[in-house]
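To keep things clear, I will list the structure first and then write my remarks on it.
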Amino acid sequence: MSNWITITIATLYEAKVAALIDAADSRALKAGQPNRSAGIIQGVVDEIRRKVASNKQNQVDASLTTIPKGLRDMAVDMIVARLKISIEKDLSEDERRQLDTHKLNLNRIADGKDVVDQPDNPVEAQIEGAPDVVVVRPGQKIGGRNFEGGRHPFSEV
């Protein structure tokens, strides 16, 4: 069995939320607009992968649609909450508390306080949107200019 799994609409049907998926995929959609559930699922998967990747001790799976299998129920809860929100259905107090717990657990994973199953097809974890950082030391040339006296090398125009 794989250490990382794909969360699909079938996964949610197993969790007995078929009516919610169907409501989210049909309510107030414009002609030609794709179903909401696929985008919501991928959004949650991306969020979980980002948290896992933010801890440099972790690797992520090569497939962008997979998460550690131990986080399956967390992903389902997060997806269900977003599906409810998408059709303007209120979350219960228990659901809100569970989401808060999931957020704390994801932060523990990111901080290296909790471990996740490592992927079967690992790739180097990269955080999307994170800027490349260049360390510049005094006297080092960048773009033909010296970085001296604490001035940014590109501050002179």
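Read the figures in this text as sums done on the coordinates, not as results from a lab. Predicted model, so just to flag it, every value in this text is computed and none were measured. FYI the Cβ positions are ideal-geometry reconstructions off the backbone, even for glycines, and counts take in every protein chain you see.
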Amide H of residue 60: which non-local residues (sequence gap of 5 or more, or other chain) have their own amide H closer than 5 Å, using H built in the peptide plane? 123, 125
What are the GluC sites (Glu not before Pro) within segment 1-105 that DSSP puts in a loop, where the Cβ has at most 16 other Cβ atoms within 10 Å? 88
From the cross-link list 56/103; 56/89; 16/103; 56/84; 51/84; 16/113, the entries with a Cα-Cα span beyond 27 Å are 56/89; 56/84; 16/113
Express in nm, to one decimal, how much length is gained between residue 3 and residue 64 on full extension, taking 0.36 nm for each residue of separation and deducting their alpha carbon distance. 20.5 nm
Kindly put 50, 27 in sequence by how many other C-beta atoms sit within 10 Å of each C-beta, fewest to most. 27, 50
Roughly how big is segment 1-128's charge dipole about its Cα centre, with Cβ charges of +1 (Lys, Arg) and -1 (Asp, Glu), in debye to the nearest 20? 200
List the pair-distance distribution P(r) of segment 53-98, using every Cα-Cα distance, as the percent of pairs falling in each 5 Å bin from 0 up to the bin containing the longest distance, rounded to whole percents. 5, 17, 21, 19, 14, 14, 9, 2
Can you tell me the Rg and Dmax of segment 30-108, counting just the alpha carbons, in angstroms? 13.8, 45
Full extension between residue 110 and residue 90 adds, at 0.36 nm per residue less the Cα distance, a length in nm of 4.3 nm
Fewest first, what order do 77, 94 take by the number of other Cβ atoms within 10 Å? 94, 77
With a 10 Å Cβ neighbour count serving as the proxy for reagent exposure, in which order, fewest first, do 104, 99 appear? 104, 99
